[in-house]
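Heads up, the thing below is written out as structure tokens.
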Amino acid sequence: MLFPSKGHKRAMSYLLYGLEQGEGFVMITGAVGTGKTLLIQKLFEELAHRNIAMAGIASANLDGEDILPAVASAFQLPYEGRGKEALLQDVKRHLISLRERHSHALLVVDEAQTLTSAALEMLRILSNLEVGGRALLQVFLIGQAELQRTIVDNRMEQLRQRIIASHKLEPMGADECREYILHRLRAVGWDNDPELAPEVFARVHQAGRGIPRKVNLIMDRLLLHGYLEELHHLDQAAIKVVLDEIREEMADVPQTLEAPMAAPRREAPQPERQAELVELDLRQRNNIMLQLIHENIQLRKSMSAMPVPAAGADEPPTAGKARQWRFRRKGK
């Protein structure tokens, strides 16, 4: 359900432009939650009908010794027990065979900011492999802003010269954020119930800083609040309750998803990782609450179908157990 924002359309254009070149690197960066991974999923859908051999890596702190086995695995090649030089030749032979059957091979590396400079250098070496003057492999690097800093700080000039297109995904502006929210609501059949007051959009954009994932989390909580309170109109008061709850739950979490440019080195998790953990916790809470709502609705239906006891009769055991169950769930 990719919203065609201005930034995502531009990023997709850069990816498709780079793909037509069939060589070098294309780099897409952006803060946590700006939709980089979803953009790549959409790209894979767009290219499914084209004669391109595509493979993907979700990197996790890969070093120079790890990247070749990861590439081999992505292209479904055996890699265990193979030395570096032997594995490099295996990958090259496989890329040559792909060239004979496909227009070219594409490797997409997600979370590329976790790659070491040695791993990036090995990817550059792979991108230099040629047959008949044509590159055998093209690489798309998708990651956070640290990826650019890794390349610059390590003076990787040869890699920089191989980057044929680069784009940074920026947070949405206020107007685009409003259209994004409406797009998602309409995609699931929203018919203006609950009605959203104009100030809600501005507050959600401000609190979420225009980052799609944060906007999603806030809107999930807002709609859940509206459901629990049986509201058909969500206004300034409703969004204030939700934002206050989120701040109270996560009082010690940094308000930004972007790491400071010169953050001191420390053992504590980086702001991006903290934000990811917070968002995961919020999603888990929302899922639990929704499950409880669903179970409560089912319980009400089953109880409404029960025969009404005579006046003065004892309380039905089932109803008593139901209340005990709900009490235990709340305690949990």
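The values are calculated or read from the model by the stated rules, or taken from the named source; none is laboratory data. Owing to the predicted nature of the structure, the values given are computational and were not obtained by experimental measurement. Ideal geometry is used to build each Cβ from the backbone, glycine not excepted, and the neighbour counts take in all protein chains shown. Side chains included, ligands, DNA and RNA excluded: accessible areas come from the protein's heavy atoms. Shrake-Rupley method; radii C 1.70, N 1.55, O 1.52, S 1.80 Å.
For L159, the requirement of being surrounded by 18 or more Cβ atoms within 10 Å (Cβ to Cβ), touching a Lys or Arg at 6+ places or on another chain (Cβ under 8 Å) and either assigned to a helix (DSSP H, G or I) or modelled with pLDDT under 95 (or both) is met. When M12, M27 are screened for being free of Cβ contacts under 8 Å to residues at least 40 places away in the same chain, open to solvent by less than 30 Å² (accessible area, probe 1.4 Å) and under 21 Å from the mean Cα position of the chain (by Cα), only M12 passes.
Condition check: touching a helix residue (DSSP H, G or I) at 6+ places or on another chain (Cβ under 9 Å), assigned to a helix (DSSP H, G or I), open to solvent by 30 Å² or more (accessible area, probe 1.4 Å) and aliphatic (A, V, I, L, M). Does A118 satisfy that? Taking the combined requirement at face value, the residue satisfies it.
Taken over region 169-183, residues that are basic (K, R) and open to solvent by less than 80 Å² (accessible area, probe 1.4 Å) amount to 0. Being closer than 25 Å to K214 by Cβ and of a type in the set (A, V, I, L, M, F, W, C) is true for just one of L38, L16. Which residue is that? Only one candidate qualifies: L38.
Going by the structure shown, is L62 open to solvent by 20 Å² or more (accessible area, probe 1.4 Å), on the phi < 0 side of the Ramachandran plot and of a type in the set (A, V, I, L, M, F, W, C)? Taking the combined requirement at face value, the residue satisfies it.
Table: residues versus (1) surrounded by 12 or more Cβ atoms within 10 Å (Cβ to Cβ); (2) closer than 27 Å to D175 by Cα; (3) modelled with pLDDT of 90 or more.
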{"site": "F3", "(1), (2), (3)": "yes, yes, no"}
{"site": "E23", "(1), (2), (3)": "yes, no, no"}
{"site": "A55", "(1), (2), (3)": "yes, no, yes"}
{"site": "G83", "(1), (2), (3)": "no, no, no"}
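Somewhere in region 194-209, is a residue assigned to a helix (DSSP H, G or I), touching a helix residue (DSSP H, G or I) at 6+ places or on another chain (Cβ under 9 Å), aromatic (F, W, Y) and in contact (Cβ under 8 Å) with a residue 60 or more places away in the chain? Checked region 194-209: no residue is assigned to a helix (DSSP H, G or I), touching a helix residue (DSSP H, G or I) at 6+ places or on another chain (Cβ under 9 Å), aromatic (F, W, Y) and in contact (Cβ under 8 Å) with a residue 60 or more places away in the chain.
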